[in-house]
Amino acid sequence: RWSEHMQKMLDTDLSSHTGAGAAGGLGFALLALGARLELGAEIFLRTEAVQKGLTQADVLLTAEGRFDWTSLGGKAPWRLAKAARSFGRRAAILCAVAETAAWREAQKHGIDIVEFAADLPFEDSRKRSRELLAEAVTRYLRELRTTATFR
């Protein structure tokens, strides 16, 4: 209702604006006050430390709980992995579970997806996430070491 009221007051629809639904509608409220929203991932990627890291890294590892189509819409792990690829770096997103279609899209971009809890019930994967993630990183780097040459 508030969205409809604001649309009438401002004579514009902000509800479909990227970021309007973020943080329970905080993005919408900020837009209504005249703010300009920017993706946090984009701000992060512009930092000197990230740019320097991407030029010096052999491989980028990032993670998220579930890798799916929403990930491809601009979440930080996806943006960071794509940025690493643009620098010619190897990139992997480690995740508890990955949606098949999103996984295939990542492959098209040369981004590795490493699942570490796909066969576990959610509660078990949540409780063991630190251990499972550490094992996945170790396994991935071992495989990478035998199949790729680092700079």
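The values are calculated or read from the model by the stated rules, or taken from the named source; none is laboratory data. Because the structure is predicted, anything quoted here is derived from the model rather than measured. No Cβ is skipped: glycine too gets one built from the backbone with ideal geometry, and neighbour counts run over all protein chains shown. Keep in mind that these areas ignore ligands, DNA and RNA; they rest on the heavy atoms of the full protein, side chains included. Shrake-Rupley method; radii C 1.70, N 1.55, O 1.52, S 1.80 Å.
Compute log10 of I(q)/I(0) for the stretch 1-102 with the Debye formula, placing one identical point scatterer on every Cα and leaving out solvent, at q = 0.11, 0.16 Å⁻¹, to two decimals. Here the Debye-derived log intensity ratios amount to -0.46, -0.79.
For the stretch 38-151, the alpha carbon convex hull comes to 111 Å³ per residue, rounded to a whole number. Between 123, 42, 135, the residue with the greatest mean-square fluctuation in the GNM of the chain (Cα pairs under 10 Å linked by springs) is 123. Note on the chain: GNM, Cα springs under 10 Å; of 136, 92, 81, the largest mean-square fluctuation is that of 136. Along the axis of the charge dipole computed for the chain (Cβ charges of +1 for Lys and Arg, -1 for Asp and Glu, origin at the Cα centre), the listed residues 116, 140, 35 are led at the positive end by 140.
Within 12 Å, Cβ to Cβ, of residue 140, how many net charges do the neighbouring residues add up to if Lys/Arg are +1 and Asp/Glu are -1? Summing Lys and Arg as +1 and Asp and Glu as -1 gives 0. Averaging Cα coordinates gives a centre for the stretch 17-63 and one for the stretch 69-120; these two points are 17 Å apart.
Note that the chain presents 65 Å² accessible area per residue, ligands and nucleic acids not counted, probe 1.4 Å.
Only helical runs count toward this figure. For the chain, summing -39,500 (n - 2.57) over DSSP H runs of n ≥ 4 and dividing by all residues gives -16000 deg cm²/dmol at 222 nm. Dividing the mean sequence gap of close Cα pairs (under 8 Å, 6+ apart) by how many residues the stretch 81-126 holds gives a relative contact order of 39 percent. Listed by chain and number, the lysines whose C-alpha is less than 30 Å from the C-alpha of residue 108, apart from same-chain residues fewer than 8 away, are 52, 75, 82.
So which residue, out of 16, 86, 71, gets the largest mean-square fluctuation from a GNM of the chain using Cα contacts under 10 Å as springs? The residue that fluctuates most here is 16. For the chain, the dipole from Cβ point charges (+1 on Lys and Arg, -1 on Asp and Glu) about the Cα centre works out to 520 debye, to the nearest 20.
Taking the accessible area of the stretch 16-151, probe 1.4 Å, and keeping the other protein chains in place, the carbon and sulfur fraction comes to 54%.
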